[in-house]
Each structure stands twice: as C-alpha cells, then as structure tokens.
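In what follows, a single structure is set out as structure tokens and then discussed.
Since every read-out is calculated from the coordinates, none of them should be taken as a lab result. Quick caveat, the model's predicted, so the values are computed rather than measured. Note that we place each Cβ from the backbone using ideal geometry, even for glycine, and neighbour counts take in every protein chain shown.
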Amino acid sequence: METRQLDLVDYLAGISAPPAAAPQINPLDLLPRRPKAWERLVAHVPDEDVRISVSSTWTRVVVEQLREDGRGDLLFATGKIRSDEVPPDLIWPEPCRLILMTAASAIRIHERWCLEDAPGTGLSSTFRFARQQHADRATVSRQLHLLGEEQS
C-alpha cells in the first residue's frame with residue numbers, strides 16, 4: 001500500500017478563505033464636493049457632527065452652513081463664503097456642519113450610508129449619519145421619498 005504525501009501547495013489551495021468583509025466607506029466621502037476654501041474650513045468636523053437638511057422651501061442660495069462657537073459660516077451656491085456672528089437665540093441646537101440638499105441627493109447618500117433623524121429647528125427635516133453604515137433604512141427612506149414628492 002502506497003502512502004501519499006499531501007503537497008503543501010495542494011493543501012493551501014484547498015483551504016477556503018473567509019469571505020472578505022465589505023469595505024467600510026467614510027461617510028464624509030459621500031458628501032458633495034465643495035470649493036477648497038470651504039473644504040479647509042470644515043475639515044475638522046467629524047462625520048457625527050454633520051447634519052443633512054431637506055426642506056421643501058430650500059431656495060438653493062445657501063448650500064452649507066458651519067455652526068459653532070457663536071458663529072455661522074455660510075457657503076453660497078456661487079462659492080462665496082460669509083461669516084457672521086449669530087445671536088444666541090438663533091444658535092443651532094448643537095455645533096455642526098449643516099448641508100442643505102434636495103431629497104433626491106439625500107436619498108443617494110442614504111442608499112450608501114444609512115441616515116437617521118437628528119434634532120433640528122423644525123423648519124426642515126434633519127438627518128445625520130447612523131453609527132453603522134448598514135442600519136435599518138426603512139423609516140428614513142419613507143420620509144425622504146415623501147419629502148421628494150413635496151419638492152417635485
């Protein structure tokens with residue numbers, strides 16, 4: 001009887017590799033590109049401090065705001081940046097980078113990284129990135145689709 005020795009290459013080829021985990025993306029990479037001066041201004045803001053605002057009354061004049069330390073920096077659609085001191089009664093509930101967008105744009109982000117409701121002013125629907133990329137999307141998906149119908 002002949003004994004057969006298993007070749008190391010055959011052995012390694014027979015080991016099944018565990019399935020590769022889906023790559024985790026950075027949610028900030030899903031946001032619209034902005035002028036370099038604005039990108040530098042908001043570079044310190046972590047993803048947990050980003051808020052996405054969807055409103056049926058958005059004029060599209062201001063596209064982003066940076067709200068912190070009693071100041072409000074505005075990015076206009078023209079690329080102009082304006083900085084103002086904000087009266088205490090107009091301060092956003094928390095320091096944040098507030099991005100104004102259409103429901104369709106928010107839906108595209110939500111498809112790649114789950115959004116969840118966030119506190120806001122009540123004048124618009126406000127969302128933030130969920131802690132996990134693939135959390136339950138159903139409730140926010142319905143909300144965004146309804147907002148999209150209002151905007152059309």
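Some values worked out for this structure:
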read-out	value
Förster-model FRET efficiency, 35 Å R0, residue 139 and residue 39, C-beta, rounded to 0.05	0.65
Separation of the residue 78 and residue 132 label points, Cα + 7 Å toward Cβ, nm	4.6
In nm, spacing of pseudo-spin labels at residue 48 and residue 117 (7 Å Cα→C-beta vector)	2.1
Cβ-placed point charges (K, R +1; D, E -1), dipole of the stretch 50-152 about Cα centre in debye, nearest 20	360
Cβ-derived FRET efficiency at R0 22 Å, residue 94 paired with residue 151, nearest 0.05	0.30
